[in-house]
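The values are calculated or read from the model by the stated rules, or taken from the named source; none is laboratory data. Keep in mind the model is a prediction, meaning the values are calculated, not measured. Using ideal geometry, Cβ is built from the backbone for each residue, glycine included, and neighbour counts are taken over all protein chains shown.
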Amino acid sequence: MLMTLSRACVTPNGKPGHKMPNKQKVITDNDTEADLSDKGINALEEIPNIMYSHNITRLTLSHNKIKSLPPSMANLSNLEQLNLCNNQIEELPTSLSSMTRLKVLNLGMNRLNSLPRGFGAFPALEVLDITYNFLSEKSLPANFFMIETLRALYMADNEFEYLSPDIGNLKNLQILVLRDNDLILLPNEIGLLSRLRELHIQNNRLTVLPPEVGQLDLCSHRSVVRMDGNPWVPPIADQLQIGVTHVIEYIRTDTYKFLYGRHSQTMTPSAIPPRNDERRARKLARNKQNPYKCN
């Protein structure tokens, strides 16, 4: 049963006609899906019985004003999809990763500066969206890239400069979105993502690609690759003008492998493209306008 909450309820004496206060949003024991998006919710405590709604499998709390989640969120033992997009969440409880059936978690467009210890312990998570936060490589717990069940990882519009080589552990990953960060290099281990079919790395500070990317099946009609908006070295920039497939084919050549090795040896701090502070300013401005669409 899909429960879409209406603000039009009943009066205290049981007669219809008046709006019930926000804190009287109720989920019944029979509900398996609850859409509580854009209800002005500030805290989950405003929703009676929500932590005891063990039948809920899909919970949408996007476009609210939630600042934190209680550890008891993990009590929703049957929850499979949780959408918290476009709130004001600054930190998450460590208990979140103990939700054994959670498959889809949307944390996009919040105020996260870090993820809790043990966050990578989700046993069944397939889709994770942390787009539009303030995360960097220093924000992630050691086991973040141990979620081997992940099929799609959305990390766009954050502050990453580097990715851990541990990303190679995500053997089932099919979609990786890294656009609009500050990425300087991609790890060679990205070539271990044999199932990857979508790679979005546009608008970063990348100058070269690891040759291992050429091992991936990114030239088929099923694949999507976006890499514009980076200060590529001239050979890659020239190939990109012809098409992305030409870039992939070029980085497979011995000529490019030699260029990549030489480039890596001469990559000094002064050669790293500068950060784009204007991008961060635009991001903050866009956050105020809520341009991000929550799926």
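Looking at (1) farther than 24 Å from Pro165 by Cα; (2) buried (at least 18 other Cβ atoms within 10 Å of the Cβ); (3) in contact with a strand residue (DSSP E or B) (Cβ under 6 Å, 6 or more places away or on another chain), find the lone condition where Leu105 falls short.
Evaluating Leu105 over (1) farther than 24 Å from Pro165 by Cα; (2) buried (at least 18 other Cβ atoms within 10 Å of the Cβ); (3) in contact with a strand residue (DSSP E or B) (Cβ under 6 Å, 6 or more places away or on another chain) leaves (1) as the failure.
Condition (residue is of a type in the set (D, E, K, R), modelled with pLDDT of 95 or more and buried (at least 18 other Cβ atoms within 10 Å of the Cβ)) applied to the range 136-150: is it met by at least one residue? Break it down into steps so the answer makes sense when it comes.
First pass over the range 136-150, keeping only residues of a type in the set (D, E, K, R): 137-138, 148.
Keeping just the survivors that are modelled with pLDDT of 95 or more gives 137-138, 148.
Filter once more, so that each one left must be buried (at least 18 other Cβ atoms within 10 Å of the Cβ): none.
No, the range 136-150 contains no residue that is of a type in the set (D, E, K, R), modelled with pLDDT of 95 or more and buried (at least 18 other Cβ atoms within 10 Å of the Cβ).
Of a type outside the set (A, V, I, L, M) and crowded, with 16+ Cβ neighbours inside 10 Å, is that true of Thr253?
Working: of a type outside the set (A, V, I, L, M): yes; crowded, with 16+ Cβ neighbours inside 10 Å: no.
So Thr253 fails the test.
So Asn78 ticks every box in (1) over 23 Å from Met155 (Cβ atoms); (2) touching a Cys at 6+ places or on another chain (Cβ under 7 Å); (3) modelled with pLDDT of 85 or more but one. Which box is left unticked?
(2) is the only condition that Asn78 fails.
In the range 214-254, what count of residues is obtained for those that are touching a Pro at 6+ places or on another chain (Cβ under 8 Å) and either assigned to a helix (DSSP H, G or I) or under 15 Å from Ile190 (Cβ atoms) (or both)?
The first filter runs over the range 214-254 and keeps only residues touching a Pro at 6+ places or on another chain (Cβ under 8 Å), leaving 231, 250-252.
Adding the requirement that they be either assigned to a helix (DSSP H, G or I) or under 15 Å from Ile190 (Cβ atoms) (or both) leaves 250-252.
Number satisfying all stated conditions: 3.
When the range 108-129 is examined, which residues are found to be part of a loop (DSSP other than H, G, I, E, B) and in contact with a strand residue (DSSP E or B) (Cβ under 7 Å, 6 or more places away or on another chain)? Break it down into steps so the answer makes sense when it comes.
The first filter runs over the range 108-129 and keeps only residues part of a loop (DSSP other than H, G, I, E, B), leaving 108-118, 122-126.
Listed by number, the residues that qualify are Gly108, Leu125, Glu126.
Six or more apart or on different chains, Cβ atoms under 8 Å: show the pairs whose first residue is in the range 229-245 and closer than 13 Å to Asn204 by Cβ and whose second is at pLDDT below 95 and assigned to a loop (DSSP other than H, G, I, E, B).
Listed pairs, sorted by first residue: Pro231/Pro273.
Looking at the range 90-97, can you tell me whether even one residue there is under 18 Å from Lys65 (Cα atoms) and in contact with an Asp or Glu (Cβ under 9 Å, 6 or more places away or on another chain)?
As a first pass, look at the range 90-97 and keep what is under 18 Å from Lys65 (Cα atoms): 90-93.
Checking which are in contact with an Asp or Glu (Cβ under 9 Å, 6 or more places away or on another chain) leaves us with none.
Checking the range 90-97: not a single residue is under 18 Å from Lys65 (Cα atoms) and in contact with an Asp or Glu (Cβ under 9 Å, 6 or more places away or on another chain).
Can you tell me which residue in the range 235-250 is surrounded by the most Cβ atoms within 10 Å (Cβ to Cβ), limited to those that are of a type in the set (A, V, I, L, M, F, W, C) and within 21 Å of Arg222 (Cβ to Cβ)? Give the steps one after another, and end with the answer.
Step one: list which residues in the range 235-250 are of a type in the set (A, V, I, L, M, F, W, C), which gives 236-237, 240, 242, 244, 247-248.
Okay, now just the ones that are also within 21 Å of Arg222 (Cβ to Cβ), so 240, 242, 244, 247-248.
Working: Leu240: 16, Ile242: 10, Val244: 18, Val247: 26, Ile248: 22.
Restricting to residues being of a type in the set (A, V, I, L, M, F, W, C) and within 21 Å of Arg222 (Cβ to Cβ), the top hit is Val247.
Scan the range 161-179 for residues that are surrounded by fewer than 20 Cβ atoms within 10 Å (Cβ to Cβ) and in a loop (DSSP other than H, G, I, E, B) and jot them down.
Within the range 161-179, Glu161, Tyr162, Ser164, Lys171, Asn172, Gln174 qualify.
Output the residues belonging to the range 118-151 that are over 16 Å from Asp166 (Cα atoms) and either free of Cβ contacts under 8 Å to residues at least 24 places away in the same chain or not aromatic (Phe, Trp, Tyr) (or both).
Those that are over 16 Å from Asp166 (Cα atoms) and either free of Cβ contacts under 8 Å to residues at least 24 places away in the same chain or not aromatic (Phe, Trp, Tyr) (or both): Pro123, Ala124, Leu125, Glu126, Val127, Leu128, Asp129, Ile130, Thr131, Asn133, Leu135.
Only residues that are touching a helix residue (DSSP H, G or I) at 6+ places or on another chain (Cβ under 8 Å) and over 18 Å from Arg111 (Cβ atoms): list them for the range 60-84, please.
Passing the criteria: Pro71, Ser72, Ala74, Asn75, Leu76.
Out of the residues in the range 25-48 meeting the condition of being charged (D, E, K, R) and part of a loop (DSSP other than H, G, I, E, B), tell me which one is nearest to the chain's Cα centre (by Cα). Explain how you work it out, then say what you get.
Applying the first criterion (charged (D, E, K, R)) to the range 25-48 yields 25, 29, 31, 33, 35, 38-39, 45-46.
Next, from what is left, pick out any that are part of a loop (DSSP other than H, G, I, E, B): 25, 29, 31, 38-39.
Values: Lys25: 29, Asp29: 31, Asp31: 28, Asp38: 21, Lys39: 23 Å.
Only one residue fits best here, namely Asp38.
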